[in-house]
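Enquirer: Quick one: the structure is below, questions incoming.
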Amino acid sequence: MALLLITLIGKHSYLLIFLVNLLELLALPISGELTMSYSGYLVFQGKMNYFLSILLAVLGAIIGISLSYLIGNKFGYRLIQKFGKYIHFGPGKYQKTAKWFDHHGNKLLILAFFIPGVRHFTGYFSGISKLPYLTFARNAYIGAFLWGVTFVTLGKILGPEWDKFHHSASKYLGIGITSLIIFILIIFLTRRYKLFIKSFIYRYISSLSRFFTTFRRMEIFIFCLFAVFLLMFISTLALIEEYLNNELNELNEVSRYLIRTLFNEDWKTVMNGLLFLQNPLFLLVISFVTFSVLFFNRRDLLLESLICLSTIIGGVLLKKILISIFHYLKPSLGSLLNLGFPNEQSFMSVLVYGFFVFILVRHLTKTNLQSLRIFLPFIFLLLLFLMGIANVYFSIRLPSDVLAGYTFGATWLFLNLVLLELFRLIQNKVDSNLS
């Protein structure tokens, strides 16, 4: 099928990119991503126009998902009334699902295009749930635009290597989008079931200590920190498995190729500046600034200082242990051993910058600084991403080593943050009982 599509695109390029996206969004088993990526390769060769390719790809996706929405809207409820009971999806459950989809699920339409097997049916389900057309169109059409731009551009950037890297790039893009959706769901579930979470925490944690008698927002905050820690721990285990099974080569090849293509010699000064930000001396300065913030704030000074030392000094020891373990498990890597899995600089950057940002967000209480609390974590993530690119740009680190450094470091960081907030909670309980 893939070879047939490529052959047809070569002869009927613009028509095919439009029709394939349209038909895929009607749930036909064909690949719009493959078609768009190959069209991007033809753009690279100068055989197709970049903007026209995107326009037709997006237009086909919009028409396809709109038709599936109309079909679901017109015929879906009748089918549910007639056959829903056989699949335990009767009118009652339909009404609840439709109400939830109207309030929350419609936002996922933007991301659904990037998930194979999901985008094929989102239009139908949106129609069946009687989602208002304007709400559906706003989110679905934005998603269609992002989907078209992403894969046509990906094919254009990959150029001659599009066929070799298309599957890998699509795979890791899908993993990234899925992780983002999981993160959004965690936030939604935390907000939606706040009372239930409080009750759950009370039942299972109150038995451990007489101090846990009442619960406020701090407990929800601890739960969120623990959820992120759990997610990072699972990611760490997955990375270890892929590393030991030599399954990270695709990630390394795709990442290095994309970075070499996107960033030329003109970026050298910027990349050197980014590398300086993870220099051990600079990280030491950031650590000193963190302790200064703790000292001037003076709230829970001893506790936060001890956890800060545990995070950084414990991280240094853990880093050495991890590198020794993986050195022992895979001694056959030869010259690649000097790159290190996980990467030391990436590991320590997450710990030092992460704890610094957490302390700032935790203690910025003035009204005029509230907006800064929202943006600081995103600035931190962007900074880590750019520093990772700089390491790969100079070919001094493997992308998988950098990713492992970030993932392992984040796991250790969030474990310490959970402990910090748990000890803070116990300390507050003690103080309140004594008073």
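The values are calculated or read from the model by the stated rules, or taken from the named source; none is laboratory data. What you see is a predicted model, and the numbers here were worked out from it, not measured in a lab. Reconstructed Cβ throughout: ideal geometry from the backbone, glycine too, with neighbour counts over all protein chains shown. Calculation scope for accessible area: heavy atoms of the full protein, side chains included, ligands and nucleic acids excluded. Shrake-Rupley method; radii C 1.70, N 1.55, O 1.52, S 1.80 Å.
Enquirer: Hey, residue 310 hits all of (1) surrounded by 15 or more Cβ atoms within 10 Å (Cβ to Cβ); (2) more than 24 Å from residue 364 (Cβ to Cβ); (3) not aliphatic (A, V, I, L, M) but one; which does it fall short on?
Expert: Tallying (1) surrounded by 15 or more Cβ atoms within 10 Å (Cβ to Cβ); (2) more than 24 Å from residue 364 (Cβ to Cβ); (3) not aliphatic (A, V, I, L, M), residue 310 fails exactly one: (2).
Enquirer: Condition test on residue 70, is it at pLDDT below 85, open to solvent by 20 Å² or more (accessible area, probe 1.4 Å) and either not small (Gly, Ala, Ser) or not in a helix (DSSP H, G or I) (or both)? Before the answer, list the steps.
Expert: Values: at pLDDT below 85: no; open to solvent by 20 Å² or more (accessible area, probe 1.4 Å): yes; either not small (Gly, Ala, Ser) or not in a helix (DSSP H, G or I) (or both): yes.
So residue 70 fails the test.
Enquirer: Residue under question is residue 314, and the condition is that it be touching an Asp or Glu at 6+ places or on another chain (Cβ under 7 Å) and of a type in the set (Gly, Ala, Ser); does it hold? First the steps, then the outcome.
Expert: Details: touching an Asp or Glu at 6+ places or on another chain (Cβ under 7 Å): no; of a type in the set (Gly, Ala, Ser): yes.
Against the criterion (touching an Asp or Glu at 6+ places or on another chain (Cβ under 7 Å) and of a type in the set (Gly, Ala, Ser)), residue 314 does not qualify.
Enquirer: Being within 27 Å of the chain's Cα centre (by Cα) and not charged (D, E, K, R) is the filter; apply it to region 315-328 and report the residue that is nearest to residue 358 (Cα to Cα). Lay out the reasoning, then the answer.
Expert: Filtering region 315-328 down to residues within 27 Å of the chain's Cα centre (by Cα) leaves 315-316, 318-319, 322-323, 326.
Narrowing further to those that are not charged (D, E, K, R): 315-316, 318, 322-323, 326.
Values: 315: 16, 316: 19, 318: 21, 322: 25, 323: 27, 326: 30 Å.
Per the stated criteria, the residue is 315.
Enquirer: From the list 51, 114, 121, which residue is at pLDDT 70 or above, closer than 26 Å to residue 155 by Cβ and assigned to a loop (DSSP other than H, G, I, E, B)?
Expert: Details: 51 fails: assigned to a loop (DSSP other than H, G, I, E, B); 121 fails: assigned to a loop (DSSP other than H, G, I, E, B).
None of the other options fit; the residue is 114.
Enquirer: State whether the residues of region 135-153 include one that is surrounded by fewer than 22 Cβ atoms within 10 Å (Cβ to Cβ) and at pLDDT below 80.
Expert: Among the residues of region 135-153, not one is surrounded by fewer than 22 Cβ atoms within 10 Å (Cβ to Cβ) and at pLDDT below 80, which makes the answer no.
Enquirer: Of all residues in region 32-61, which are open to solvent by 40 Å² or more (accessible area, probe 1.4 Å) and under 24 Å from residue 136 (Cα atoms)?
Expert: Scanning region 32-61 gives 55, 59.
Enquirer: Let me ask you something else. Would it be correct to say that residue 291 is of a type in the set (Phe, Trp, Tyr) and assigned to a helix (DSSP H, G or I)?
Expert: Spelling it out, residue 291 is indeed of a type in the set (Phe, Trp, Tyr) and assigned to a helix (DSSP H, G or I).
Enquirer: Can you tell me which of (1) modelled with pLDDT under 90; (2) closer than 15 Å to residue 409 by Cβ is the one residue 258 doesn't meet?
Expert: All conditions are met except number (2).
Enquirer: Looking only at region 216-274, count every residue that is within 30 Å of residue 359 (Cα to Cα), open to solvent by 50 Å² or more (accessible area, probe 1.4 Å) and over 22 Å from the mean Cα position of the chain (by Cα) and tell me the total.
Expert: 4
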